[in-house]
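Worksheet for the structure shown next.
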Amino acid sequence: MKVLIIEDNARVSALLKRGLESQNYQIYISEDAEDALVMAERISFDLVITDIMLPGMNGIELSRIIKQKNPDLPIIMLTALGTIDEKIEGFDAGADDYMVKPFEIRELYARIKAVLLRKSSSPKKNESLNIIKYQNLTINANTNRVFRNEKEINLTPKEFKLLIFLMRNAERVLSREEIAENVWGNHFDTGTNYIDVYIAYLRKKIDKDFDRKLIHTKPGMGFIFTHHL
């Protein structure tokens, strides 16, 4: 497994390199985003680990560019920025996981394994199998485009993943824990209000301009995607 680490702190990058090489990963180091993008063009990486506060282009913009070019390349953000808004910004940029410094290296090992496992178990893209429809809402999971009544709706990567999960489980009440596990992974902090924040984002984009709402809250239970309520 080839892992690209983007970190301008030499002590941290050396720590990561030693630790991950002990787990049999092949490690590449970059100190800035621009150099990392050049490396990503030349080398087929299995995982990217990036800081957010980098010289020049920051890790948020770097992640957006990487995901535009290679949506299936997992990204873990490893940063000192740990507020809820900062984490949401990271997830919106395409991060598959987010860890706050200081960190425990064994937890990072577990996060990496979980992210790579989700990648390996994801179904391969097939155009005929990746058109998801519910009432007047249509998703093309290959092109990441969403339409409702022929109106295109622009979603962030995490909003898009959340919507797919809701649609594939339409008519079933989903708990916050189940959503967190399937959209954010096993290490998501269910003690935060991320789920409610992202559901609110989706409602504004999916339901606001339409009389028939699709995303509903079931008090004390979770959320349900349905046109019946």
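The values are calculated or read from the model by the stated rules, or taken from the named source; none is laboratory data. Quick caveat: nothing in here was measured; it's all calculated off a predicted structure. Virtual Cβ from ideal backbone geometry, glycine too; neighbours counted across all protein chains shown.
Number of residues in segment 40-51 that are aliphatic (A, V, I, L, M) and either at pLDDT below 95 or in the same structural domain as Asn144 (by TED's automatic domain parsing) (or both) equals 2.
The residues listed here are Asp209, Asp189; of these, the one that is surrounded by fewer than 12 Cβ atoms within 10 Å (Cβ to Cβ) and either more than 30 Å from Glu107 (Cα to Cα) or modelled with pLDDT of 95 or more (or both) is Asp209.
Residues in segment 119-135: is at least one crowded, with 20+ Cβ neighbours inside 10 Å and in contact (Cβ under 8 Å) with a residue 24 or more places away in the chain? Scanning segment 119-135 turns up no residue that is crowded, with 20+ Cβ neighbours inside 10 Å and in contact (Cβ under 8 Å) with a residue 24 or more places away in the chain.
Among the residues of segment 68-118, those that are hydroxyl-bearing (Ser, Thr, Tyr) and surrounded by 12 or more Cβ atoms within 10 Å (Cβ to Cβ) comprise Thr79, Tyr98, Tyr109. When segment 62-88 is examined, which residues are found to be more than 22 Å from Leu117 (Cα to Cα), in contact (Cβ under 8 Å) with a residue 24 or more places away in the chain and polar (S, T, N, Q)? Thr79, the sole residue that qualifies. With respect to the conditions (1) charged (D, E, K, R); (2) in contact with a strand residue (DSSP E or B) (Cβ under 7 Å, 6 or more places away or on another chain); (3) surrounded by fewer than 16 Cβ atoms within 10 Å (Cβ to Cβ), Arg176 falls short on a single one, namely (3).
Of all residues in segment 192-206, those satisfying the criterion of being without any contact (Cβ under 8 Å) to a residue 40 or more places away in the chain and surrounded by 14 or more Cβ atoms within 10 Å (Cβ to Cβ) are Ile195, Ile199, Arg203.
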